[in-house]
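Data first, discussion second: the structure below is written as C-alpha cells.
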Amino acid sequence: MKLRIKKGDQVEVITGKKDNKGKRGEVIRVFPKEGRVVVQGVNLLTKHQRQVQSEGKTINPGIVKLEGPIDISNVMVVCKKCNKPTRVGMLRDGEKVSRVCKKCGAKLD
Ligand SMILES: [Zn+2]
C-alpha cells in the first residue's frame, strides 16, 4: 500500500482517543510497515525519567513528554489551500504522480 501521508505533512486527527481528536500537527515520523505516524504534540505520553549517568553526563530526573505513534487511519492531511482535513487523491502527470486535495484539487506537495 502506498502511503498518502509523508513526513512534514500537516494533519488533523479525525478519530481515536478523545484527547487527540481534532488536534493538528506536523507529521514527524512515519512507520510505513506498521501503518502508524507520529504527530507533533499529539498523543503525548508521559515518561518519568530517573536520574541516569550517561557517558559522564548526568540526566536529571523529571517528567518527559514524548509523542506516541498513532494509527495512520486516524489522521487526515490538512490541505494548505482550503485549510480542511481532506482525503488525498493521486494525480498522474506523465511520469510524475502528485497528491491532490479531493476537496479543492490543490496539489499537496
Ligand atoms: Zn483543498
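The values are calculated or read from the model by the stated rules, or taken from the named source; none is laboratory data. Nothing here was measured: the structure is a model prediction, and the numbers come from that model. Virtual Cβ from ideal backbone geometry, glycine too; neighbours counted across all protein chains shown. The protein model used for the area step is the full one, side chains on, heavy atoms only, and it has no ligands, DNA or RNA in it. Shrake-Rupley method; radii C 1.70, N 1.55, O 1.52, S 1.80 Å.
Do the conditions hold for Val97, that is, is it away from the ligand (no atom under 16 Å from the Cβ), more than 18 Å from the chain's Cα centre (by Cα) and either outside any loop (DSSP other than H, G, I, E, B) or on the phi > 0 side of the Ramachandran plot (or both)? Let's see the steps before the verdict.
Working: away from the ligand (no atom under 16 Å from the Cβ): yes; more than 18 Å from the chain's Cα centre (by Cα): yes; either outside any loop (DSSP other than H, G, I, E, B) or on the phi > 0 side of the Ramachandran plot (or both): yes.
Against the criterion (away from the ligand (no atom under 16 Å from the Cβ), more than 18 Å from the chain's Cα centre (by Cα) and either outside any loop (DSSP other than H, G, I, E, B) or on the phi > 0 side of the Ramachandran plot (or both)), Val97 qualifies.
Looking at segment 70-89, which of its residues are farther than 13 Å from Ile5 by Cβ and either touching a Pro at 6+ places or on another chain (Cβ under 7 Å) or not in a loop (DSSP other than H, G, I, E, B) (or both)?
The answer is Gly89, and nothing else.
Within segment 11-69, which residues are open to solvent by 100 Å² or more (accessible area, probe 1.4 Å), modelled with pLDDT under 95 and part of a strand (DSSP E or B)?
Lys47, His48, Gln53, Lys57, Ile63, Lys65
For the subset of segment 77-94 comprising residues that are aliphatic (A, V, I, L, M) and open to solvent by 50 Å² or more (accessible area, probe 1.4 Å), which member is nearest to the ligand (Cβ to nearest atom)?
At the first step, the residues of segment 77-94 found to be aliphatic (A, V, I, L, M) are 77-78, 88, 90-91.
Then keep just the ones that are open to solvent by 50 Å² or more (accessible area, probe 1.4 Å); that gives 90-91.
Values: Met90: 15, Leu91: 13 Å.
Applying the filter and picking the extreme gives Leu91.
Rundown of residues vs (1) free of Cβ contacts under 8 Å to residues at least 12 places away in the same chain; (2) touching a strand residue (DSSP E or B) at 6+ places or on another chain (Cβ under 9 Å); (3) within 25 Å of Pro32 (Cβ to Cβ), yes/no style:
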position: Asn60; (1), (2), (3): yes, yes, no
position: Val64; (1), (2), (3): no, yes, no
position: Ile72; (1), (2), (3): no, yes, yes
position: Arg87; (1), (2), (3): no, yes, yes
position: Leu91; (1), (2), (3): no, yes, yes
